[in-house]
Amino acid sequence: MSPARTRVSPHGPRGRPGTGVVPSRQNGVRVSPYDPRCHSAEGTRSVIPVARCPSALGAMWSPAPLCALGRRRPGPSAPLQPLTRLLQREYRQKTPTRLLQREYEAKTPFCLPQREYREKTPFCLLQKEYEAKTAFCLLQREYRELPLPGQGWGRTQHLPPRRFLSKKPKSKRHPKTFPVLDGHVPAVYQHVFEENLRNSEAVIKRYSELLERVKKGGGEHAILRHTQRNKKVFVRERLRLLLDGADFLELSPLAGLDMPYGDVPAAGCLTGIGRICGVWCVFIASDATVKGGTIYPIGVKKQLRAQEIAMENRLLSVHLVDSGGAFLPLQSELFPDKLHGGRIFYNEAIMSAMGIPQVAVVCGSCVAGGAYVPTMAEESVIIDKIGTLFLAGPPLVKAATGEDVSPEDLGGARLHSQVSGCSDHFAPSEEEAYECIRNVVSTLNCEPVPEQDREPDSPLYSPEELLGLAPLGYSCTLPVKLSVYFFAGSEPAGGWKQIPGIQGYLWNNTSDRIWPRGRAEAHSNRLKAQASMMAAVACAAVPKITIVIGGCFGSDSYIMCGRSFSPNFLFLWPNARVGLVDSQHFPTVPPAGDWTGEELELKQLKAKLEEESSAFYSSARLWDDGIILPQDTRKVIAQCLEIMEQKKYQAVSPRPQPIIRM
């Protein structure tokens, strides 16, 4: 093709000011001098014909280029629109008529024998036999049948790398969805399963011992004085008189255990969630056998967490008050700050304005801060000869005024029922008081969650085998998806009260490692991905349940919805570990020649990390909502889902102000 001529304009071409070059025409075709394809090796320009078109998009689908590419036949018809044609073809193939026609053709008597005939032709049989004897299939079969004397790379180092044997394209090598597991532990993991099982049995035994210690409250002597001399009912027996049955989820039972509070075995209060007349309620009950029910800093934190759960899920609150108020020697740790003792009364007022009912039973001596809880409740019951309410008891009155006064005259049941109006109901005994509370709850505008029409599916495998899946270490762990088969049903959420919009986190991770320079560059996007995940988890507007079944280390605590990201519920298995770093990866021997005399310090630091990362240490400080046994995971998740669902059935609406006694 001969080079095209150009003409020079002193004003420059349209759209290219100042260049002085405009496209020329040859045989009615515009030639652009700025297209690099127009220039030959000698510097002259060749012409590429471009059809006249109102836009670049029109030029792209104009007839001339399409005819040149063989995409359509030449002719005067309109330009082809590939996207429209594709959509039309897809629509035609998916019409009900076409689908029924295809299904009918596939099941005609002619097609069925034809398909069977094709599969049994000599060619197909030889092809199957050939595929079964390829090098890849033979090596794969040999790999599966290998003895398992060791583990890791030692088992497979004599085999060629699998990626060089695959005959599939790289894009098809990795499945698009999770593989279907059969629930059986692979033979290569059998020794790991047995080690995990032994460890689980040991930590569960330790957990049972601590739980029995907590259930004794202040000890046998304190329980005898509480029940026989003071004629009171023990706190756990009080809950049995209130609850519908044994369906009770106790929150953080180990809170305060082995903390630096002297001989206090626990927080001095018991919190949990149970049913009254079919309605889920939050319970906050004082344990007067522990230092007279006085409130410790960990007890304040425990009560605030129970109120937080009540506000999130709009649960009715029941207070069983038998408290001597704040523990004065620790007043600086439980009085002045924002989330200290006064926050309990603030939350009561806010919950009342939100329309969340609160009831209380004065079942003992309630002094100072302990007297405000039942007084701010919307309905309260006081027990004759047992319950008292006053800001300062008879000993302080004697010290201040020199006057002798009895507890009944100062703040007994008859005084507050007939004179002050701090109580709404007078009960002659504890049993009648709890029956009164049950009647009060039954008259509130809280409907229980409807019973399901069908029984939930049973888990695919025995939950007892979860003990072997609870990890001991992190050098070799079992696939976490195996755990789902032991507390899920045959359906993805069978038995979990199938509620849309629930996020669940089964959590087991190792601590962050310091990557060398080469690998650090390969993982350069990790920080950005974690930041995106944190933002997504924090702003997800759905309920969240987190269960730590193994390790909880470092920044993964945030992206997996740890305590600081406010999950609705967070539980641990007894084998779980929570810490900034994994003590197993912490060095105890300093580099040779660098440090001197610090090996002992490193060993002490590792021992400290080991102790402070245990599930018992974590639960004692309320970093979670309690420890649950692996075999009870399914039951606890079902309870949590039903608790979160109950707020849909409340008819109470918020008020501009709380209920105030006059």
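The values are calculated or read from the model by the stated rules, or taken from the named source; none is laboratory data. Worth saying up front: this structure is predicted, and the values here are computed from it rather than measured. Please note: Cβ atoms are built from the backbone with ideal geometry, for glycine as well, and neighbour counts cover all protein chains shown. These accessible areas exclude ligands, DNA and RNA; they are computed on the full protein's heavy atoms, side chains included. Shrake-Rupley method; radii C 1.70, N 1.55, O 1.52, S 1.80 Å.
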> When both residues are 6+ apart or on different chains and their Cβ atoms are under 7 Å apart, which pairs have a first residue that lies in region 327-355 and is at positive phi, and a second that is aliphatic (A, V, I, L, M)?
Replying inline: Gly355/Val652
> For region 232-260, what are the residues that are in a loop (DSSP other than H, G, I, E, B), of a type in the set (Asp, Glu) and closer than 22 Å to Trp280 by Cα?
Replying inline: Asp244, Asp247
>> Restricting to region 240-260, name every residue that is closer than 23 Å to Phe571 by Cβ and touching a residue at least 60 places away in the same chain (Cβ under 8 Å).
In response: Asp247, Leu249, Glu250, Leu251, Ser252, Pro253, Leu254, Ala255, Gly256, Leu257, Asp258, Met259
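Output the helices (runs of 4 or more DSSP H) that fall wholly within region 596-649 and possess 1 or more residues being open to solvent by less than 10 Å² (accessible area, probe 1.4 Å), or say none. Give the derivation first.
Working: elements: 599-612, 615-620, 633-645.
Per the criteria, 615-620, 633-645.
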> If Gly268 satisfies every condition in (1) touching a Ser or Thr at 6+ places or on another chain (Cβ under 8 Å); (2) under 19 Å from Arg438 (Cα atoms); (3) not β-branched (Val, Ile, Thr) but one, which is the exception?
Replying inline: (2)
>> Is it the case, given these coordinates, that Val373 is open to solvent by less than 20 Å² (accessible area, probe 1.4 Å), of a type in the set (Val, Ile, Thr) and closer than 16 Å to Glu348 by Cβ?
In response: yes
>> Can you tell me how many residues within region 376-408 are of a type in the set (Ser, Thr, Tyr) and open to solvent by 20 Å² or more (accessible area, probe 1.4 Å)?
In response: 2
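I'm trying to understand the selection: among the residues of region 539-563, which are touching a Cys at 6+ places or on another chain (Cβ under 8 Å) and either closer than 22 Å to Asn575 by Cβ or in contact (Cβ under 8 Å) with a residue 60 or more places away in the chain (or both)? Spell out the reasoning first.
Here is the first cut: in region 539-563, the residues touching a Cys at 6+ places or on another chain (Cβ under 8 Å) are 544-546, 560, 562.
Of everything in region 539-563, those that are touching a Cys at 6+ places or on another chain (Cβ under 8 Å) and either closer than 22 Å to Asn575 by Cβ or in contact (Cβ under 8 Å) with a residue 60 or more places away in the chain (or both) turn out to be Ile545, Thr546, Met560, Gly562.
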>> Please go through region 429-449 and give me each residue that is touching a residue at least 60 places away in the same chain (Cβ under 8 Å), more than 14 Å from Leu315 (Cα to Cα) and assigned to a loop (DSSP other than H, G, I, E, B), ordered by number.
In response: none
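In region 619-633, which residues are closer than 19 Å to Gly272 by Cβ and either out of contact with any Ser or Thr (no Cβ under 8 Å at 6 or more places or on another chain) or not small (Gly, Ala, Ser) (or both)?
Initially, region 619-633 is screened for residues closer than 19 Å to Gly272 by Cβ, giving 619-629, 632-633.
Residues satisfying the conditions are Ala620, Arg621, Leu622, Trp623, Asp624, Asp625, Ile627, Ile628, Leu629, Asp632, Thr633.
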